[in-house]
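All of the numbers you see were taken from the coordinates with simple rules; none came from a lab. Since this is a predicted model, take the numbers as computed values, not measurements. Backbone-built Cβ (ideal geometry, glycine too); neighbour counts: all protein chains shown.
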Amino acid sequence: MQHVEPATDGPVKLTSAFFQDPHPAYHRLRASGPVQPVILYRQLRVWLVTGYAEARELLNDPRLGKDSARAVSLFPPGTAGPYALSLSAHMLNSDPPDHTRLRKLVNKAFTARTVARLRPRIEQITDELLDDMAAAGKVDLVEAFAFPLPIAVICELLGVPASDREEFRTWTAPFVAAASGEEMREAHEWMLTYLTGLVAAKRTAPGEDLLSQLVHISDEGDRLSQDEVVSMAFLLLVAGHETTVNLITNSVLALIDNPDQLAALRADPALLPDAVEEFLRFDGPINIATLRFTAEPIRVGDVEIPADEFVFVSPLAANRDGERYPDPDKLDFTRSGGGHLAFGHGIHYCVGAPLARLEAEIALGRLLDRFPILELDSPVLRWRTSTLIRGLHTLPVRLR
C-alpha cells in the first residue's frame, strides 16, 4: 500500500493510505531530510517537518506565526476550512501579544489545583464505565470508555450540562477530521449558538466551574471579551476531550500489540507514569500540529522556507526520529521518553497536558486492574482521516 506518491518534478503527495498508517511515510520522508514540501489530501502544499530537533526548534520559533486572520489570507480561495470561521480565533491560533494576554488569563483559571481536585471524580466515572463494560464482556473501547470519560470530565470542568454531552461528539468531529464545507459550517453554527448561550448563562448565574471563572476572571482589570470566552470554551471543549480519547485508545492498542509491555505493566503498576509518557511518544494523539506559517524566510538545515508559506510540524513523526530515540518503533516503558513533543513545545504547549496525563493514568491503571484478559476482537481497524488527530474510529475488545 502506497502512503506517498513519489514526485518526479514536485512535492510528495500524501495519499489516503497515509492516514491509516503514517509511520512508514514519515520514515521515508525523514530519510530524505527533516523538512520538505508535500501535498496534503486537500491539495494544499505545505512544508512538513518530520525531524525531532527541527520540530522542537520550530515549535518555539517566533518567526512562525499562528494568527488565524493572517493564515486565512494565505490559503487559496475557498480552502481555509475551519480557519475562516469565527470560533477559530482562539488562543491556539494567535501570536504574542494577544496570545500572551489570553494564556495568562486562562492560566489563572486552569491551575494544577483545579486539575488535582478532579481526581476523585475521574476515578468515579472510570469505575462506573468499567462496571458497564464488565457486564457487556465485549465492547468498542472508544464508544464504551475512551470517549465518555474525557467528555464527561471536560464538560463537568467547564460546566456543560450532562444532557448536552453527546451532541458535542457530533458537532466537534468536523473540526478535527475530513468534512465537507457544509458540514463544517453547520457544526460551527451549532457550536457558536450553543456556547454563546452557555457563556451568557454563566455571566448571569455563575457556578463553581471553569467557564464561570473564565467569564469573570480578570488580571489588572483585563477580562476576556464575550467572543474570547466563547472561542476559548470551544478550544477547551474540543482539545480537552479529543486528545485524551485518542491517547487512551492508542495506548490500549499499543498494549495489545505489545504483550511483553502489557505483562510488564501488569507486574509493576508503578511503571504507569513512565508508560503514559512512552504511549505519548510511541503513537500520540496528535498527528500534525495546528497550522503555522512563515512570517519571514526561515532556514531549516539545508532548506530555506520562503515567507508566507505553511509549515506543518508532525509530533508523531518527530517522536519516532531515531536520532532522538534509539529503536524508535519499539514500545519500551524503560526508555527515557522525556522531551517528547506530543503536547507541543514552547508558548503553545498544551494547557491541558496535566489533565490528559491524569485521565490516562487513572483510565489505563484501573482498566488493567479490572480486566486480567484484554484482547482485540477484530483484525481490521480503521483510523480517522485527519491531519490533526491520530485516532481510531473503533477499537473492538474482549474483556474478562
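List of remarks:
- Estimated dipole of the chain in Debye, rounded to 20 [Cβ of Lys and Arg +1, of Asp and Glu -1, Cα centre]: 240 debye
- Sorted peptide list for 71-83, 343-355, criterion being average Cβ within 10 angstrom, highest first: 343-355, 71-83
- Of the trypsin sites (Lys or Arg not before Pro) found in region 253-348, those in coil by DSSP whose Cβ has at most 14 other Cβ atoms within 10 Å are Lys330.
- Per residue, the convex hull spanned by the Cα atoms of region 7-148 measures out at 198 cubic angstrom.
- A straight Cα-to-Cα reach below 24 Å connects Lys108 with the lysines Lys66, Lys202, residues fewer than 8 places away in its own chain not being considered.
- Structure-based [θ]222 nm, the chain - -39500 (n - 2.57) summed over DSSP H runs of at least 4, per residue, nearest 500: -15000 deg cm²/dmol
- For region 386-400, putting each phi into the Karplus relation 6.51 cos²θ - 1.76 cosθ + 1.60 with θ = phi - 60° gives couplings of 7, 6, 7, 9, 10, x, 8, 5, 9, 9, x, 9, 9, 10, 9 Hz, in residue order, rounded to whole numbers and with x for Gly and Pro.
- Each Cα pair under 8 Å and six or more residues apart adds its separation to the average, and for the chain the resulting relative contact order is 24 percent.
- Exposed GluC sites (Glu not before Pro) absent: longest stretch of the chain, with sites in DSSP loops and at most 16 other Cβ within 10 Å deemed exposed: 1-207
- Dimensions (Å) - the chain, Cα atoms, principal axes, largest first: 57, 54, 38
- For region 42-89 and region 210-255, distance of Cα centres in Å: 20 Å
- Cβ-to-Cβ counts within 10 Å put Thr170, Thr294 in ascending order as Thr170, Thr294, the fewest first.
- In a DSSP loop and with at most 15 other Cβ atoms within 10 Å, the trypsin sites (Lys or Arg not before Pro) in region 27-128 are Arg42, Arg63, Arg117.
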